[in-house]
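The values are calculated or read from the model by the stated rules, or taken from the named source; none is laboratory data. Remember, it's a predicted structure, so these values are computed and weren't measured experimentally. Methodologically, a virtual Cβ is constructed for each residue, glycine included, from the backbone with ideal geometry; neighbour enumeration extends over all protein chains shown. These area figures cover heavy atoms from the full protein model, side chains too; ligands, DNA and RNA do not enter into them. Shrake-Rupley method; radii C 1.70, N 1.55, O 1.52, S 1.80 Å.
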Amino acid sequence: MLKAMTFSLARRAHSPIRSALLRGTGSIAAISGIAFASCATSGDAGSSPNGDSGAGGGALFNCAVGEFSCDGDMARSCDGNGNIVDAEDCSASNKICSPILGCIACIPGTESCENGIATRCVPNGGGFRDFVCDTTQGMVCEALGCRGACSPGELESSYLGCDYYPTITPNPVWNGFRFAVAVANAGDLPTVITLDRGSLFTETYDLAPGELKTIELPWVDELKGGEVNACQVAPAPGGTGIVPGGAYHLRSDQPITVYQLSPLRFEQDPIPDGCPLGNQCPGYNTANLNNDRCLSYSNDASLLLPSTTLGRSYTSLGWPSTQDKTGFLTITATEDNTDVELFGRGSFIAGAGITTTGEGSVRLQQGDVLQLLASGESSGGYGSDISGTRVVSSAPIQVIAGNSCANIPEATTNACDHIEHVVFPIETLGTSYLVTFPAVPAARAPHVVRIATVEDNTTVTVNPPVPGAMEPITLTAENPILELGSVTQDIEITSDQAILVAHYLQGEESVVENRTGDPSMAFAVPTAQFRTDYLFVASNSYRDNFVNVIAPSGSAVELDGQFLEFSEFEAIGDSGYSVARHQLNRAQETHRISADETFGIVVYGYGTYTSYLYPGGMDLEGITQSVIY
């Protein structure tokens with residue numbers, strides 16, 4: 001069994017110790033100097049290296065719980081009350097002392113590079129990891145490490161990066177609609193985009209600063225599955241399996257932001273040959289004025305995360321299967337010889353060594369895709385829900401969760417729509433979330449919120465209370481999912497341990513105003529991962545686009561050079577935050593937004609019988625320890 005691993009540490013604001021460790025700068029002696037300046041000892045606190053002082057053996061000044069005092073190679077842990085509670089001789093295991101992490105094998109961030117292979121100490125100091133100093137990403141191999149704007153030492157931990165894996169997921173949409181990626185240059189310098197799928201093809205594109213390029217790509221049939229007929233009936237979903245080299249690989253030599261759209265457009269006009277029109281379906285409804293239009297009926301989009309921020313431990317949230325409309329997990333390897341192990345919930349279609357209970361392990365090479373499908377249901381109701389499944393790997397992987405064509409909020413709600421989104425690694429999850437409803441009036445456009453626990457016995461509180469969570473709820477390993485249906489207000493969700501939160505737009509016949517849109521899915525961003533600025537994309541292939549701006553009440557927020565009016569904002573309970581639901585100019589696809597305080601954004605749009613929904617960006621700092629229960 002693979003052990004859950006995390007190469008991250010919790011943030012401490014303005015900590016000079018942590019900053020030095022993360023940068024990997026300075027000598028061990030310099031780091032130790034910071035240790036004694038921050039966590040100084042007095043009296044007998046500097047007692048013999050054998051740790052005889054033990055618990056309570058010495059008083060410490062300004063020593064926070066969980067921090068360490070370094071006396072040479074002796075790491076003494078602190079209890080937050082100025083007392084030493086434990087001691088370890090790091091030299092006994094050939095390690096050194098860190099004032100944040102205790103005994104470590106190396107100073108996080110320190111590097112070397114030779115013959116194009118770089119070695120970098122991981123953020124928790126547990127050891128070194130090798131990586132390719134990729135010249136396609138503009139990296140340069142030097143004795144002191146891999147250098148360049150896209151090197152791990154230079155990139156911030158956020159949605160902006162240089163190495164991505166667009167990956168197709170099950171979607172029964174007609175194949176004449178095309179999968180696409182939207183790429184925006186986030187910097188002040190031009191960049192070259194390289195897009196490939198192994199040896200099958202390689203293309204390059206030039207992007208000026210701030211420029212957006214939308215690139216249409218062929219479907220990967222083994223991942224997409226079959227297409228609907230004129231009656232919009234989906235074929236059987238196929239089975240669980242591995243598609244070697246199934247993912248696209250997108251790289252740049254300057255930081256960019258990337259979104260995938262499945263498919264890009266909701267309508268094709270003029271109508272191309274072969275499009276399955278509604279009026280070709282026997283017994284079609286003649287009152288439907290859209291029967292002679294070429295509509296996709298099944299769209300969604302996802303923010304992609306750069307490979308430098310992907311993790312090794314995930315918990316999942318999706319949507320239950322119905323007949324021939326299946327929940328899925330799509331897993332992409334970013335390195336060769338990546339071992340992936342599943343701890344399933346719900347019922348799966350067996351394959352590739354994965355059982356019907358979702359248990360098993362596989363080995364993937366870089367770019368390989370493991371597609372896991374939930375079993376269906378033939379009775380007309382919901383079938384298997386694989387939400388809560390845990391995924392653990394030996395190297396960073398990308399996990400996308402969703403449903404090929406989900407009916408939301410009920411199995412009988414018309415109409416189904418493809419939903420998908422990249423899952424956030426466990427170490428990036430938090431304990432505070434703000435979930436806001438879409439732009440149409442809430443009473444006529446409710447949405448669904450689902451919450452998954454990471455650890456056993458996690459207490460979740462919703463403010464203001466909503467049906468299903470009028471009081472705090474405890475989630476357990478046996479019952480890790482909480483679903484809140486027909487939420488008609490903006491809510492704050494807090495917990496005593498890390499959680500994953502998803503929200504879903506509902507089917508167009510579930511009292512949605514003007515029958516606009518259809519199901520869509522996105523993960524909510526923890527408030528701890530909010531930023532002060534974003535570059536985001538809203539595709540003009542949709543009729544109406546919006547951004548929900550979630551900011552501390554009274555914050556001045558500037559969008560595309562204009563400040564949002566304070567009157568646009570509505571308070572989110574007593575959270576101290578407010579939300580503005582702002583309609584975007586359809587003629588402009590790339591947007592910049594900033595504020596003097598950290599805030600979050602959710603981007604979404606509507607077409608005829610379709611919609612999309614995703615967070616516009618986020619930081620991806622390690623703020624939670626990965627565990628398996």
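Once you list every other residue whose beta carbon is under 9 Å from the beta carbon of HIS249, what net charge do they have if Lys and Arg are +1 and Asp and Glu are -1?
After counting each charged neighbour, the total is 0.
Provide the descending list of Cα extents for the chain along its principal axes, expressed in whole angstroms.
Answer, in whole Å and largest first: 89, 56, 53 Å.
Calculate log10 I(q)/I(0) of the range 480-598 for q = 0.14 Å⁻¹, where I(q) comes from the Debye formula with a single equal point scatterer on each Cα and nothing for solvent.
-0.73
Quick check on packing: order 97-104, 273-280, 116-123, 212-219 by the mean number of other C-beta atoms within 10 Å, highest mean leading. Write down the numbers at each step before the final one.
Details: 97-104: 23.4, 273-280: 13.8, 116-123: 18.8, 212-219: 16.9.
Output ranking for 97-104, 273-280, 116-123, 212-219: 97-104, 116-123, 212-219, 273-280.
Roughly what would the spin-label model give for ASP456 and CYS231, points 7 Å off Cα along C-beta, in nm?
Using points 7 Å along Cα→Cβ, the separation is 4.9 nm.
Could you work out what % of the accessible surface of the chain is carbon and sulfur, using a 1.4 angstrom probe and leaving DNA, RNA and ligands out of the count?
The nonpolar share, carbon plus sulfur, comes to 48 percent.
Using a simple spin-label model with points 7 Å from Cα along the Cα→Cβ vector, what separation in nm is obtained for ASP336 and SER93?
3.1 nm
Rounded, prolate or oblate: pick one for the range 581-629, where a ≥ b ≥ c are the square roots of the eigenvalues of its C-alpha gyration tensor, a/c under 1.5 means rounded, and failing that, prolate if a/b is larger than b/c, else oblate. Let's see the in-between values first.
Details: a/c = 3.54, a/b = 1.58, b/c = 2.25.
Note, shape of the range 581-629 comes out oblate.
Among GLU335, GLU508, GLU597, what's the order by accessible area (1.4 angstrom probe), most exposed first?
If we order GLU335, GLU508, GLU597 from most to least accessible, we get GLU597, GLU335, GLU508.
Write down the accessible area per residue of the chain in Å², having rolled a 1.4 Å probe over the full set of protein chains.
Here the residues of the chain average 37 Å² of exposed surface.
Each residue of the range 406-414 in turn: what ³J(HN,Hα) in whole Hz from Karplus with 6.51, -1.76, 1.60 and θ = phi - 60°, glycine and Pro shown as x?
Going residue by residue, I get 8, 9, 9, x, 10, 5, 9, 6, 8 Hz, with x marking Gly and Pro.
Just subtract the alpha-carbon distance of GLU156 and PHE566 from 0.36 nm times their residue separation and send over the number in nm, one decimal.
The GLU156-PHE566 span can extend by a further 144.5 nm.
I need the calculated FRET efficiency for the pair ASP188 and ASN463, taking r as the beta carbon distance and R₀ as 25 Å, to the nearest 0.05.
After rounding to 0.05, the efficiency reads 0.05.
In what order, largest first, do THR110, THR458 sit by accessible area if the probe radius is 1.4 Å?
Values: THR110 35, THR458 0 Å².
From most accessible down to least: THR110, THR458.
Using a 10 Å cut-off on Cβ atoms, rank the peptides 380-387, 88-95, 307-314 from the highest mean neighbour count down.
Working: 380-387: 19.2, 88-95: 14.4, 307-314: 24.0.
Highest to lowest by the protection proxy: 307-314, 380-387, 88-95.
Can you give the direction-averaged projected area of the convex hull of the alpha-carbon atoms in the range 236-362, in nm²?
11.6 nm²
List, in order, the whole-Hz ³J(HN,Hα) value for each residue of the range 250-259 obtained from phi through the Karplus relation with A = 6.51, B = -1.76, C = 1.60 and θ = phi - 60°; use x for Gly and Pro.
Once rounded to whole Hz, the list reads 10, 10, 9, 9, 9, x, 9, 10, 9, 10.
If we restrict to alpha carbons, what Rg and Dmax does the range 161-274 come to, in Å?
For the range 161-274, the Cα-based Rg and Dmax read 15.8, 49 Å.
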